[in-house]
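Written out below as structure tokens is the structure these notes cover.
The values are calculated or read from the model by the stated rules, or taken from the named source; none is laboratory data. Model, not experiment: these values are computed from the prediction. Please note: Cβ atoms are built from the backbone with ideal geometry, for glycine as well, and neighbour counts cover all protein chains shown. Side chains included, ligands, DNA and RNA excluded: accessible areas come from the protein's heavy atoms. Shrake-Rupley method; radii C 1.70, N 1.55, O 1.52, S 1.80 Å.
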Amino acid sequence: MRRILAILGSALFLVLAPGTVAGLVPYWISRWRFEPGPIAWLPLRVLGALLIALGALVLLDSFARFALKGLGTPAPVFPTRHLVVSGLYRYVRNPMYVAVVAAILGQGFLFGNVRLLVYGAAVWLAFHVFVLAYEEPTLRNSFGAEYEAFCASVPRWIPRLTPWQPS
């Protein structure tokens, strides 16, 4: 029963949180219109499309891991029972936040919209403050030494080149 609730809760949270931050708000800012200008260069547009696609894939993988491995959701109201340290979490501690920012920046590059790039930077700063002020202390309290080992081995924002192997 918990797994079903975790899947449904994760799906709902995926639509509400990243769907709003990386989808709805960028649409409000840009109307998803291609703009001319200094960043409207074809290679940047291609990079933008790749960032959006990778961001979406990483989000889906991470949300699935929270539901299936952690038996919970990314939402603080229904947290995981187990620390999730598999998949992309072996490379970076916050793949969901990295994916959301990648998707936002990708839209900025794809549409040639500087306001989206600024918004992406602001979202990253908000995530960083949230992670430092709330998420990391909460996870330390919940998972103790297991989380400490994870933090010591896996970087917060810039992925490792090789996967971490928990003992």
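Observations, loosely collected:
- With 10 Å bins from 0: P(r) over the chain, alpha-carbon pairs, percent: 11, 36, 34, 16, 4, 0
- Separation in nanometres of the label points that stand 7 Å from Cα toward Cβ, at Leu47 and Glu148: 4.1
- Solvent accessible area, Å² - Arg156, 1.4 Å probe, full protein context: 60
- A viscosity of 1.002 mPa s and a temperature of 20 °C, combined with the Kirkwood radius over Cα pairs in Stokes-Einstein, give a translational diffusion coefficient for segment 102-167 of 153 µm²/s.
- DSSP H segments from the chain that extend 27 Å or more along their own axis, Cα-based, with Kyte-Doolittle mean of 0.0 or above: 42-68
- The chain: calculated mean residue ellipticity at 222 nm from DSSP helix runs of at least 4, using -39500 (n - 2.57): -20500 deg cm²/dmol
- Note on Trp32/Val129: beta-carbon distance plugged into 1/(1 + (r/R0)^6) with R0 of 22 Å gives a FRET efficiency of 0.20.
- Within the accessible area of the chain (1.4 Å probe), percent carbon and sulfur: 73
- Cα centre as origin, Lys/Arg/Asp/Glu Cβ charges: segment 85-153 dipole, Debye: 220
- Residue list for segment 32-49, given a label point 7 angstrom along the Cα-to-Cβ vector of Val114 and an amide N cut-off under 15 Å: 35-41
- In terms of the mean number of neighbouring beta-carbon atoms within 10 Å, the peptides 117-127, 135-145 order highest first as 117-127, 135-145.
- Among Ser62, His82, Leu51 the positive-end extreme of the charge dipole of segment 6-111 (Cβ point charges): His82
- Per-residue SASA remark: Tyr91, around 60 Å² accessible (1.4 Å probe; ligands, DNA and RNA not included).
- Other-chain or far-sequence residues with amide H under 5 Å of Thr80's (modelled H): Thr73
- Size of charge dipole - the chain - debye, nearest 20, with Cβ of Lys, Arg +1 and Asp, Glu -1, no other charges: 220
- Spin-label zone in segment 64-94 - amide nitrogen under 17 Å from a point set 7 Å from the Cα of Leu8 along the C-beta vector: 67-68, 71-75, 77-79
- Whole-number accessible area per residue in Å² for segment 39-167, which is evaluated in the context of all protein chains at 1.4 Å: 51
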